[in-house]
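Notes follow the structure.
Bear in mind that the values in this text are calculations on the coordinates, not laboratory data. Predicted model, so just to flag it, every value in this text is computed and none were measured. Methodologically, a virtual Cβ is constructed for each residue, glycine included, from the backbone with ideal geometry; neighbour enumeration extends over all protein chains shown.
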Amino acid sequence: MRTIIVLLTALCVIGSAFWAYHENYQTQEAYAASQRLQGEIGEARARLAILRAEWAYLNRPDRLHELTDLNFEKIGLLPLAAEHFGAITEVGYPVVPQAEELELRFDGSIEVSSDGTAAGGADQ
């Protein structure tokens, strides 16, 4: 009986060691994948910063103004002026209907009082 207990204990220790070994490698793989993803995120942020800088450079107002002047015959763009916008009076706002007055009707209502008298004030 003693040998069976020793054998089962040894098997439990070996099984626990195998499980810990397996979990250790899974954890290391997950950590490596996390590090790879963090690196990719950093690279994507760097590329995004470069693209934003390029976009800001290409959309400079002075550059766009020069491009519209050079290509006026081809595309016919005009510079913005106040006359190109409409007046506030030209905007069609929706008509809001006037709220009807709330009419309270007390037909068929029941009077409740705390003094113990019946409705209508008649003494009993």
Applying 1/(1 + (r/R0)^6) with R0 = 30 Å to the Cβ-Cβ distance of Ala53 and Ile88, what FRET efficiency is obtained, to the nearest 0.05?
0.20
On a full-extension model of 0.36 nm per residue, what is the gain between Ser16 and Arg105, subtracting their alpha-carbon distance, rounded to one decimal in nm?
23.9 nm
Work out which GluC sites (Glu not before Pro) in the chain are exposed loop sites (DSSP not H, G, I, E or B, at most 10 other Cβ within 10 Å) and give the longest gap free of them.
1-99
Could you work out Rg/(2.2 N^0.38 Å) for segment 1-103, with Rg from alpha carbons only?
2.82
Expected unfolding gain across Ile75-Met1 under the 0.36 nm per residue rule, minus the alpha-carbon gap, is 16.9 nm
Between His65 and Glu23, what is the label-to-label distance in nm when each label sits 7 Å out along the Cα-to-Cβ direction?
6.8 nm
